[in-house]
Amino acid sequence: METATLTGQDIAYEDLHALNKPFMEAYQQSFTDSLNKGWFVLGDKVRAFEQAFARYNGSAHCVSVASGLDALVLGLQYFDFPEGSEVIVPSNTYIATILAIYHCRLVPVLVEPDLATYNIDPEQTAAAVTSRTRAIMVVHLYGKPCNMEAIMAIATRHDLRVIEDCAQSHGAEFMGRKTGTFGDFGAFSFYPTKNLGALGDGGALLTSDTSRAEKIRSLRNYGCHEKYYNEYIGTNSRLDEIQAGFLSVKLAALDQINAHKRALASRYDEGLKADFIKPLKQEGYTDVYHIYTVRHPERDKLRAYLLANNIKTEIHYPVPPHHQNALRDKLKGAFPVSELIHRSTLSLPISFCHAREEIDRVVEVMNAF
């Protein structure tokens, strides 16, 4: 293994200032407009963004909320499942997906992913269904769509609800259809690093059902349709006007952002040698590469080597959910596929702010490892 340090400029994993620089003037105009109007919660900018995001995804309704976690919680809360009902969820997801299930007093049933795609395995999902199962919560991890044809077939066969965690899949498609439009709800996060990221927290739910959208709108706003008249035990989870304005600006460029990330991913795909297990490319799946992850048996040494060569990386995620202190006594069972993924994956720079030449340099350095 070659460990010599190669020369070159620093390459950040992500640079949010550089990422947002092309949008600064439009952000400023939107912010000034909100400031002058003096309306900061549930106003015109929120409505405009919700309509635009629903239209972009080919969905009838978008309801914005305060975070991606809130979107997942409210999507589950809508159905008012009996306490202790089971929700099937991938064993290698980010902890937020599982926290949402616990917040609703439900029981997460962890199912291993397909090692080739990192997404939930439909065969194991079907095998995990019991008389207590009420829903499947799929996660389009790293920006790769799940096999929604197989998942929806399982849900139909067993009369289950489906909530799609689309926190990393803005604009991704399965068989020509956007993620978030297959299940009962599509839950999105607009955390700043997402392909469609705000300048703070934010989230949204997509649904094709008008009555569901109206109830979620009520649940996010203290459980009321009309001010001071409360129909449900709701919460306060509202995307503010300023963030909605910023998101509308960036939504107009989302296809460009995704195309740029796909172009960078292609350079990794073509340039990296076979030592690195690269993301699986599949016909009918339009990935958006929120994260470009490779697997390598000496992941930690590789990461240190890249840092020594001024290339920063991330790990998504270093600890599997069933090993987290908060969940260790709650999540029983062995999840070897998840553990393999968590100890061997490395996320490489692939931001809208990265130039192709920077990716070529990452490839050059990695191939010398």
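Just so you know, all these numbers are worked out from the coordinates, no wet-lab data involved. Since the model is a prediction, treat every value here as computed from it, not as a measurement. Ideal geometry is used to build each Cβ from the backbone, glycine not excepted, and the neighbour counts take in all protein chains shown.
Figures for the structure shown
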{"item": "Within region 338-369, backbone nitrogen closer than 20 Å to the virtual label 7 Å beyond the Cα of ASP10 toward Cβ", "result": "347-363, 365-366"}
{"item": "Approximate shape of region 1-110 as ellipsoid semi-axes (Cα gyration tensor, √5λ), whole Å, largest first", "result": "33, 31, 12"}
{"item": "For region 88-195, alpha-carbon Rg relative to the globular expectation (2.2 N^0.38 Å, N residues)", "result": "0.98"}
{"item": "Reachable lysines, given that their alpha-carbon falls under 23 Å from the alpha-carbon of LYS37 and they are not under 8 places away in the same chain", "result": "LYS45, LYS227, LYS250"}
{"item": "In region 77-126, the GluC sites (Glu not before Pro) that fall in loop regions by DSSP, at most 13 other Cβ within 10 Å", "result": "GLU83"}
{"item": "√(5λ) per eigenvalue of the Cα gyration tensor, region 232-302, largest first, Å", "result": "35, 18, 12"}
{"item": "Bins of 5 Å from zero: percent of alpha-carbon pairs in region 105-146", "result": "6, 21, 32, 21, 13, 6, 1"}
{"item": "Highest average packing first - 106-113, 46-53, 136-143, Cβ atoms within 10 Å", "result": "136-143, 106-113, 46-53"}
{"item": "Alpha-carbon spread of region 147-243, three principal axes, descending order, Å", "result": "44, 34, 16"}
{"item": "Shape call, region 63-123: gyration tensor on alpha carbons, a/c limit 1.5", "result": "oblate"}
{"item": "Angstrom value of the Kirkwood radius, inverse mean 1/r, which spans all Cα pairs in the chain", "result": "21.3"}
{"item": "Over region 290-369: Rg over Rh, Cα atoms, Kirkwood Rh", "result": "1.07"}
{"item": "Where only alpha carbons of region 206-328 are counted, the Rg and the Dmax (Å)", "result": "21.6, 62"}
